[in-house]
Amino acid sequence: MKYKALFLDADDTIFDYHAGETEAFRLTAVEFGFGDRIAEAQQRYRVHNAEVWKALEQKRITQDELKIRRFALLLDDLHADTTQAPRMSQFYLDRLSEQTQLLPGAEEAVAALAKRYLLVLVTNGLTYVQRRRFAAAPVTKHFSSILISEEIGTAKPDPAIFTSALQEFKLDPHRILLIGDSTSSDMPAARNAGMDFCWINPLGAPVPDGFTPRYDVRSLADIPAMLLRD
C-alpha cells in the first residue's frame with residue numbers, strides 16, 4: 001500500500017461549508033437587522049472573508065484579528081455601526097459552530113478510507129467553531145487526530161501545521177496523501193511538506209501553474225475506489 005496515512009481538509013472536502021455558512025449568516029443578518037438585505041450583505045461578507053483568510057494564510061494578520069475584521073468591513077459597507085463587529089462576530093461563530101452539514105457521499109467515503117488508512121483531519125479553522133462542529137458530527141470518529149490551525153499557531157500552507165501528527169504517528173511525509181479543495185492552502189501545503197496531493201475539484205478547473213496534483217477528483221466520494229485501483 002503506497003500510503004500509510006491520509007490527511008484530509010475539513011471544509012468543502014468533507015463538510016459542506018457553503019451550506020453551513022449560508023445558514024449561519026442568515027441567522028446573523030436577521031439578528032442584527034439586515035434580514036431584508038441578506039443577499040447583498042452575504043455577498044459583501046464573502047468577499048471580505050476571503051480577503052482576511054488569505055491574509056491569515058500569508059501571516060499578515062492573526063486569527064483574533066480575522067474574526068472581527070471581516071464583520072467590521074461588512075458593517076462599514078452597510079453604513080452600520082462598526083462597533084457592533086465583536087458582538088456580531090461572536091453571534092455568527094455561535095451559529096456557525098452548530099452547522100454540521102456534510103457533502104454528498106462524504107461520510108461513506110471517510111468510513112471506507114478509515115478501514116485502510118490512518119486518518120488525520122487538518123483544518124485552517126477557529127477552535128471554538130471547529131471543535132463544536134466536529135464534536136457534533138459522527139464522521140469525525142474515524143480520525144486518529146484533529147489538527148486545528150488556531151490551536152497549533154500556524155495555518156496551511158505552512159507545513160509546520162502537520163508536525164505534531166507526523167511525530168505522534170512516526171509518519172514519513174512521502175507516505176502521506178493530503179486531500180483538500182483549496183489551491184491557496186491545501187495544494188501548496190502538500191508541496192511544502194513533501195506529500196502527494198489529491199485535489200477535490202468539483203468544477204473541473206484547470207490545475208494552477210506550478211502544481212502537479214497526484215490525483216484530481218470531483219468529490220471525496222471518488223477516492224476510496226480510486227485508491228483501490230492505483
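The values are calculated or read from the model by the stated rules, or taken from the named source; none is laboratory data. This structure is a prediction, so every number in the text was calculated from the model and none was measured. All Cβ positions, glycine included, derive from the backbone under ideal geometry; neighbour counts span all protein chains shown.
A compact table of results
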{"item": "Among (1) in contact with a Phe, Trp or Tyr (Cβ under 9 Å, 6 or more places away or on another chain); (2) in a helix (DSSP H, G or I), the one test that Val129 misses", "result": "(1)"}
{"item": "Region 156-186: number of residues that are surrounded by 23 or more Cβ atoms within 10 Å (Cβ to Cβ) and under 23 Å from Glu51 (Cβ atoms)", "result": "5"}
{"item": "Region 135-156 residues that are farther than 17 Å from Ala106 by Cα and not assigned by the TED database to the domain that holds Glu168, paired with ones that are part of a loop (DSSP other than H, G, I, E, B) and of a type in the set (S, T, N, Q) (beta carbon under 7 Å, 6 or more apart)", "result": "none"}
{"item": "Selection count, region 12-54, where residues are within 19 Å of the chain's Cα centre (by Cα) and farther than 28 Å from Thr140 by Cβ", "result": "3"}
{"item": "Total residues in region 23-35, condition in a helix (DSSP H, G or I) and at pLDDT 95 or above", "result": "9"}
{"item": "Selected residue (only one of Ala50, Ala10 is of a type in the set (Gly, Ala, Ser), within 18 Å of Asp186 (Cα to Cα) and in contact with a helix residue (DSSP H, G or I) (Cβ under 8 Å, 6 or more places away or on another chain))", "result": "Ala10"}
